[in-house]
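Every number in this text was worked out from the coordinates using simple rules, so none of it is lab data. What you are looking at is a predicted structure, and each value in this text was computed from that prediction instead of being measured.
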Amino acid sequence: MITILLTFLRYMALWLARIFGRIYYFLSSEWMPPLFWLFVVIFSVSIVDYISLINFDVLSQSKVKPLPAQCTLIWFQLGSQQCSQLWPQLWSRLWSQLGSILALYTLLWLLWWAWKAHKSLVIEDFANYAGAQFDTDVKGLATLLVVKLGQLHRLYRAVDERRAIPTSVAKNEAIDATIKVEDVGQFLKDAVSSQSKLSLGPIEIPIGILMSLLGHIVQGPRIIGSLHKDNGDLVLTAQIVGGKYPFKWRVNSATLPVQSTDQSPHDLVNMVEELVYRMFTDLELVGSSRASATAAFCEGLKAYRDCLRTPKDRLRNLKIAEKQFIQTLAEDVQFDLAYYNLGVVYTELGQKEAALAAFEKAITQNPNSWIAYYALALGRLESQEYYRAAQLCKRVIELKPGKANAAKAYQLRGLTQFELYRQEQDLIKKQVLMKKQGSAQKPESMQEQKSMQKRADYLKDSTRSHRKAITRSWLALCLAELKGQGIVAAEQSNISQIETLASVCLADLATMYIDDEVYKTAGIKKPGGWWSHFRAEMLLKQALSLKRADPTYEASYHFKLGKTYNLRDKYEKATHELRVATRIIPDEVEYWSELASAYANEVTGKNGNEPKRSRVIRDDNYEKYVLETIIDLAQEAPAETFKKAIGKAREAYEQLDQCDTGRGQSVKEIEAFLDLPYFLDLLPRIEDPQKKAELEKKLAYYAQHQQEMEYAQVFLLLGSLYRDYERERDVDKLVAGLRCQLEKLNGQGKELEYAHIALALCQLYLKCGKKQEFADLVKKLAQRLEQFNRTEKVLIYAQVSLTLVKLCLAFDNGSLPGQLYLTFKKKWDFDNLITKLELHNRQFADDKGKEWQHGQMLRILAQLHFYVGKFEAAETYFKDTIRKLDKKYPNEVRSHHLHAWLAHTLLKLSKFDEALQVVQEAIRHDELNFTNRETLGDVYFERGEFQQAIDTWKDTLWRKNSIMRITHEYEIKYDPEIYFKIGDAYVKLAQCHRELCRRKEENKEAVKYLEMALDLLATDRQEVRLKVCYSLGYFHFVMSEYENAIKHLRICQKFGFAPLTSTFYLAYACMRNKEYDEAIKQFCVLYDLATDAQRKGRALTEMMEETTEPIVLGEMFALAHWGLAFTYAERNMDLPKALAQINEANKQVARTRKWISKFHETEKKVEILFQARYYDCEGWILYKLEKFDKAIVCLEQALKLTVHAEVCLHLALAYEGKLRQTSDKKRAQPLITKAQMYLQYAYELDTNDQYKQQLEDLQKRLQEISQQLSPAFAKAK
């Protein structure tokens, strides 16, 4: 009865709140307040008139006959007969004073409007004292200031970000500024004449003086400003007049972070921007932080909210937000909001530990920040630190954050307490299991009772917290409805979020009532049963009556209601609710498995423990359809959901098979097939607390279902060994334990059990880097698998074989086991294994009930052939797999990316057009699948269509960011591979373009994406990180950013990535950065490295590394000599030695060319890449030696090979030197013309402004020479 009464009371409270809310909304509409206050004025005037009518002594000239004394009680006897004669006089008097009434109403309205305007900040037009050229710009400064302040006003409002932990801004309402309108005081003065009087009965009020006085009183704060010049610099000043604080501000153009060479309107915009942040900091944040910190904080807030609205550049905006929040803290370490918002950004980036640290720092800075405590509690809950999360929720409640926020805290506290209850329940289960197995002593009864009491307390506390969450969320909902927020979607209305919160609180309590563990718990009053299920039903129905912000909530409530009906033996209602849930969210495997259970109960007539005759007619096609859907969706489900769903489906179909045996699909076999790779993936990651918790749950499930699962014993054994390892961290002991178990299973008939342990040991060898042991065990395991002959276990056998080959592939490529589209670099003998699998595959060909098993066998065979390099067979098997699975199991095709696999296989076979057709066809069938789009970019890249590849990959990123489901079950992951692909494509595109301006833009884009890839790459992927690092060094060098180039190239050189090429560009960058001693040292290192390579038998024509510009060994020698020569020339020292070095470089080039000419049929085209540099260096040295004619010849040869700004500059300088040597005035004019021509070429080619100063100096000298020679030319003519 209590549950029914509480539910009814909640309905009634909400109904009444909505009724009164609609009345309030009606009364608070725009036209109601003026009308209401008009009636108030009329009523007030009528009261005054009435008092004057009944007063017999004060009024000397009464217009009416005195009334009887009893009329003094007219307040209570307005309808009495004695006072009836009063009404006509009163109405007459009111009608005669209608003008005065309207005047009084207008006056009161003006006063109210003036008082409201008093709160607004008025910005007057700025005065210009800097000169007439700034008149037009200064006129718009006030408007620009208002716009900027308005943007900050909107930015600092709390917005609905639809996140569990939104960003946080200042608590005070941001200032709302307007540009100057007509002064309020002057407006009031001019509203009526100074002689006007307002008559209220016997009282006459002169309002002219009153208006003048009120005008000064209600005048709001004003900002006045002006623009000045101080020693040639612009100065913008502003001050506030009439406000609470007399602030003054001064901004000087010389102190701006970004300055321009000339004074322009752009300077004024930057000055206004600086002024806005200073004003906002002083007026809104009340000087609690520096203006520079506020500016950085606002930029970070903009970037974060941009990434929520537009997922196009999500990662880039998150990185910008992170950088700006860190900059905020660098400016003001006490800015606690920056710490909190930095934690929000780290949460979005998936950096959990960093997010927790930021939230803790925010709490340290501001211990009263409830939202920081709440965010930290969410993080602790996700990290499975339940007790800490519960204590943090308690602190949130103590801070009294408001009804809705308190409900969120209670709801989260209830969840953490329920998880603590589950931990105690699992501990008790383990103790019971150990007692049954006799492997531990019987615990003392007091300890057992204490543990059970602790479990009961957690459950009671969780129930109490959920009930409090319901009460507060419902109260918050009623208050919101009372304010009329539920009628229209107002800008500040959060009614949908409150309704969602209330429904979630109701559903969480209902979930406790129907939880299987709670139902089975002993020692607790009312642990479950009919009454608890009835409560859950009432709560879920009430949750469904509310609006939800997301359809996933509605589907979840229908699912839980269906589960409740299933527990209450109402199977028809259960199947109905579960079908509704599957229609709303059709890809949730847990909904389908519960539907299978309810359907099985309905068909078999199960009624608790008593079977009854079913009235339902079985539908074999429907049963098959449900099972196929469960199998199809189980592959992509999270591990915990998969375990529950496949187990429930197995029980349901075993129950159905009791009525009609001979079902073609075996759920047990499918469960074992899907479970093997997941379990093996958990074992090496047991050091991760989250993965350890998943493994513990998995082992508990195996212990509970040992009889149903054939390989449960093996999994439990492996789990026990890895538990010991996680506790002791002794790798040698773990290896010894696994080897011991292998020896025990060395007999015949235990091939698959042996394989499970062998695969775990292979993983351990791979992780520890024991190469020889790994290779020996792989060989032995492959031989054992080749002897396998149990056809009923062939699917598990295939899964084991695929896992083994993937491990070998990772070992061979030095990559992670899960990386796609790799092939073996070395020969591994798996031919017999694959041949045996092909023979076993034939048993599924004619069995129509095993399409899924047949499709999996075909997929495994296709991937195995791909890995070993047999692409023709792989193509055939992939096509057969898609045909087999596409009709009944389309999700299998998507989850295993079979179209992408087929496309990459075709690319390996150089069938580019067919690969393009396959991917485009797959995209037409599934537009939202971003994996196929990424593969389309791969196809374009292989075809050499780099711009289309870039556009496709960018589109993939945008789709991935917008489609990605971000819930507590899915980790936020950003794939670095696609960023690296985009950067690499920009590399290729820049090499294709000859226009320097286009290459510059492409180089910048390449750097941007490569830096993001480097940030995302894991530390264990060292080779890929070094490759990205080298590319960044190369592009920074090309863009003349030598400091950054040196930083990245030093890392590559230190770790030995592309040692010769990275050393060459490092030395070259040092030389450009004028670090000549370091450059000479590095060029000498390059020569030594090339010598070592030649000693090891490397040919002069052999390309040394696969880098951006692969260079042959012979040219490496030449580049070492060239670098030394050019460095000497740049230092203007040892020029003869420099000439000798460049001559040696030319000899090396000639020798290399001679070797290249001997090779007519090479796999790759070999050529000299830097011939122009040798000519340019020789010409530059000759110029320094004042051998200008020879220098010009060499430099013109260089210009024929490459069009570069430096070569043109050197030519112009050479002609200038020849011009200074000549004494013939007639020959001087052509020399000046050529020098100016090459000077102009250099100007056009110098896109990075690298030679700007040298070009300007040369131009001045040529102009001076031209002016000196002009009179001589005139005289000669």
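Some points to look at:
- Checked against a 23 Å cut-off, the cross-linked pairs 806/908; 429/692; 779/806; 229/1252; 430/560 give Cα-Cα distances beyond that limit for 229/1252; 430/560.
- Backbone geometry of the range 565-574 corresponds, through the Karplus equation with coefficients 6.51, -1.76 and 1.60 at θ = phi - 60°, to 3J(HN,Hα) couplings of 4, 5, 5, 8, 6, 9, 6, 5, 5, 4 Hz, x marking Gly and Pro.
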